[in-house]
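The values are calculated or read from the model by the stated rules, or taken from the named source; none is laboratory data. As the structure is a computational prediction, the values presented were derived from the model and not from experiment. Note that each Cβ is placed from the backbone with ideal geometry, even for glycine, and that neighbours are counted across all protein chains shown. The area values use the complete protein model at the heavy-atom level, side chains included, leaving out ligands, DNA and RNA. Shrake-Rupley method; radii C 1.70, N 1.55, O 1.52, S 1.80 Å.
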Amino acid sequence: MPIYALLLAAVAGGGAGVVVRRWLVRGSWRLPEEQPSRSSSPTARPSRSSSREALAERRIETTRTGALPRLAWEPVALAILWPGLLAVAGRVDHPWAWPALAVLSAAGVALTSIDLAVHRLPDIFTLGSVPVVGALLAFASWREGDWQGWVTAAWAAGVALMVLLVLGLGGMGLGDVKLGVLLAGALGWFGVTVALVGLLLGFVLGGLWAGVLLLTGRASRSTRFAYGPWMLLGALAALLTMPG
């Protein structure tokens with residue numbers, strides 16, 4: 001992959017990350033109960049007369065309303081992900097799949113920030129990304145003159161939907177189910193093995209993190225935690241390690 005293409009992808013990724021960050025800060029994705037009050041804003045400073053109880057209440061309110069982290073990590077993440085995914089697409093000889101991966105990674109970064117903040121995966125990114133990524137993968141299949149990958153992607157997404165819906169009945173969030181379908185379809189374009197590895201890695205990583213939280217007393221069996229980032233990390237690992 002030419003170095004100039006990677007540099008352009010890094011610059012474009014950083015720009016896309018800035019757009020994502022500004023959209024997240026604007027907060028139009030929040031539900032009414034997730035709107036932070038002034039006192040719960042992460043930038044608000046307590047007055048000198050504030051008691052420990054008041055500070056504790058503010059921390060609880062900030063957690064409930066899901067304040068975004070002060071560090072704007074999204075531009076840095078996409079500035080790294082976009083050239084990295086471009087290099088991977090070139091290595092496996094599927095360069096036309098990069099636009100789909102770019103959209104998927106941008107949605108993934110936004111979903112990670114939102115899930116960490118309020119433990120929710122909005123449909124605008126999970127369901128909304130499905131037709132966009134699907135269309136871009138169809139374009140890649142058309143450019144490469146081979147539709148087997150797109151057929152496999154559709155098949156993988158359908159199977160994932162049925163399996164994850166069953167898991168959802170056992171307590172898995174519907175947002176996680178929708179994200180799993182999106183990831184299964186995107187990864188399935190590169191092969192059934194890639195999809196299986198990506199989804200399984202997400203389950204393993206999420207399960208390990210849940211175990212850590214339980215063992216350290218930071219969560220109970222009924223505690224909700226952000227599972228989406230681990231699913232996305234598993235998918236990323238599968239993409240980065242798939243054979244050429």
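Placing dummy labels 7 Å off each Cα toward the beta-carbon, the span from VAL11 to THR193 is 3.8 nm. ILE80 contributes about 110 Å² of solvent-accessible surface, heavy atoms of the protein only, 1.4 Å probe. When only Cα pairs below 8 angstrom with a gap of at least 6 residues are kept, the stretch 172-243 shows a relative contact order of 41 percent. Legend: calculated FRET efficiency, GLN148 to ILE124, from the Cβ-Cβ distance at R0 = 30 Å, rounded to 0.05, equals 0.45. Place a point 7 Å from Cα of TRP155 in the direction of its Cβ. Which residues in the stretch 111-138 have their backbone N less than 17 Å from it? Only 138 pass the distance filter.
Taking 7 Å steps out from each Cα toward its Cβ at PHE203 and ILE80 produces label points 2.8 nm apart.
Of the whole protein surface, MET162 contributes about 130 Å² of accessible area at a 1.4 Å probe radius. Averaging 1/r across all pairs of distinct Cα atoms in the stretch 175-244 and inverting the result yields a Kirkwood radius of 12.5 Å.
Taking the stretch 144-244, which trypsin sites (Lys or Arg not before Pro) meet the DSSP loop condition and have no more than 15 other C-beta atoms within 10 Å? Within the stretch 144-244, the qualifying trypsin sites (Lys or Arg not before Pro) (loop, at most 15 other Cβ atoms within 10 Å) are ARG218, ARG221, ARG224. Of the residues VAL159, VAL92, the one with the largest accessible area comes first in the ranking VAL159, VAL92, computed with a 1.4 Å probe on protein heavy atoms. Calculated FRET efficiency, MET162 to LEU214, Cβ-Cβ distance, R0 = 35 Å: about 0.75 to the nearest 0.05.
With both labels modelled 7 Å from their Cα along Cα-to-Cβ, the ARG70 to THR241 distance reads 3.6 nm.
For TRP29, TRP155, what's the largest-to-smallest order of accessible area, 1.4 Å probe?
Numbers: TRP29 15, TRP155 145 Å².
Correct descending sequence by accessible area is TRP155, TRP29.
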